[in-house]
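A.B. asks: Pasting a structure below so you can have a look.
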Amino acid sequence: MVNVLWVDDITHKQSINRVLALIKVNCNREQRDEILKICEVFRARAIDMSPERVTIEITGPQDKVEGLVSVLRPFGILELVQTGTVAMTRGVEKHDLAHPTVPASRNSAA
């Protein structure tokens, strides 16, 4: 596990927010083309196919993912997994990952 180096509350800052979802959909040969066209509209992509199923990957804001799920629901969603939201502030603000701030009490030698 990776230790958390810092937490920054960006609730009231301009930010970019994304989630990732994998959606396994039931489909027959005739439905496959329709599902692939839907993926194009949502800028999603098919990452696995079998004769009766298509697995789709989508990243974007939560409402985009929810929109795709609602359009695919009539085909029959077999599985759906989704990450939590990841976010980053917009603009020039950044954190120096190579030299994170370490509290003074942790710098002293034992």
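We did not get these values from a lab; they are worked out from the coordinates using the rules stated. Not measured: the values here are computed from a predicted model. Neighbour counts run over all protein chains shown; Cβ positions are idealised from the backbone, glycine included.
A.B. asks: Subtract the Cα-Cα distance of Arg73 and Arg18 from 0.36 nm times their separation in residues, and report this length gain in nm to one decimal.
C.D. replies: Working: separation 55, 0.36 × 55 = 19.80 nm, distance 2.15 nm.
Additional length available on full extension: 17.7 nm.
A.B. asks: I need Ile47, Ile35, Ile10 ordered by Cβ neighbour count within 10 Å, fewest first.
C.D. replies: On the way: Ile47 10, Ile35 19, Ile10 15.
So the ranking, lowest neighbour count to highest, is Ile47, Ile10, Ile35.
A.B. asks: Go ahead and run the numbers for FRET between Gln62 and Glu30, Cβ-Cβ distance against an R0 of 41 Å, rounding to 0.05. Please list the in-between numbers first.
C.D. replies: Working: r = 31 Å, r/R0 = 0.76.
That gives a FRET efficiency of 0.85.
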